[in-house]
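Structure record follows, encoded as structure tokens.
Just so it is clear, none of the values below were taken in a lab; they were calculated from the coordinates. All values reported here derive from a predicted model rather than from experimental measurement. Methodologically, a virtual Cβ is constructed for each residue, glycine included, from the backbone with ideal geometry; neighbour enumeration extends over all protein chains shown.
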């Protein structure tokens, strides 16, 4: 297996891990998100803590996808590749803030008396998490799709239909999130689901393609007229004049 094939495999697996971790976290976090009186209810909060840890795994995998892909995709745009790393780090940071907010609610539930003060603080912390969910996993994937989607479309490292989904979905997702911020749209509405569908497919198909097939071994043109030629086994050689 060539180094480039290993890069594709690792990036693909990390993309798929973001799906597994984030989806698995949702039912575990439901009690604290859906029950306004969660902070007063008895019993352990093991599920919520496990869901928060899964969200942190998702955040780490988000950063991992960008770090792994950066050395390769920067050949087709240094600024775009660096911007993708930055946007992924920002997304992960926003997710982490949401997790910390929910962990704080668990602390109030365990250590507090469940009075009115704890209830008000818990509701505020859940509201913070709701905003982080909108601005992290909601907004940032649109930014990521614009940056990495353009680099993948330009390089042809994967079939162009895959990044095209991201480039089409990005403005839809960004518009949907902005509409939600201003109260025009609801985050769980039909319109939001339609807007997020291309982004969901872009990231899923990209992860599957990279993990199963790797980068295409077709010659491509890097910035400055450098030719990136096939190195066999789906790998790419260093740029050559």
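Tabulated data for the structure shown
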| read-out | value |
| --- | --- |
| Normalised alpha carbon radius of gyration of the chain [divisor 2.2 N^0.38 Å] | 1.15 |
| Exposure proxy order (Cβ contacts within 10 Å, fewest to most) of 201, 62 | 201, 62 |
| C-alpha center-to-center spacing [the range 1-18, the range 159-208] in angstrom | 24 Å |
| Per-residue [θ]222 nm for the chain (sum of -39500 (n - 2.57) over DSSP H runs n ≥ 4, rounded to 500) | -25000 deg cm²/dmol |
| Residue order, fewest to most beta carbons within 10 Å, for 34, 55 | 34, 55 |
| Spacing of the two label points (7 Å from each Cα toward its C-beta) at residue 53 and residue 182, in nm | 4.3 nm |
| Gaussian network model of the chain, springs between alpha carbon atoms under 10 Å - residue of 137, 198, 44 with greatest fluctuation | 44 |
| Residue with peak Gaussian network fluctuation, the chain [Cα springs, cutoff 10 Å], from 158, 105, 121 | 121 |
| Label-zone membership for the range 20-64, site residue 107, 7 angstrom Cα→C-beta point, backbone N under 15 Å | 49 |
| Cα gyration tensor category, rounded, prolate or oblate, for the range 74-190 with a/c compared to 1.5 | prolate |
| Degrees separating the helix 3-34 axis from the principal Cα axis of the chain, which is the longest one | 20 degrees |
| Backbone N within the range 172-215 under 15 Å of label point (7 Å from residue 19 Cα along the Cβ vector) | 197-214 |
| Cα-based helix-to-principal-axis angle, 78-111 vs the chain, degrees rounded to 10 | 20 degrees |
| Rg(Cα) / (2.2 N^0.38 Å) computed for the range 1-141, rounded to two decimals | 1.24 |
| Degrees separating the helix 161-181 axis from the principal Cα axis of the chain, which is the longest one | 30 degrees |
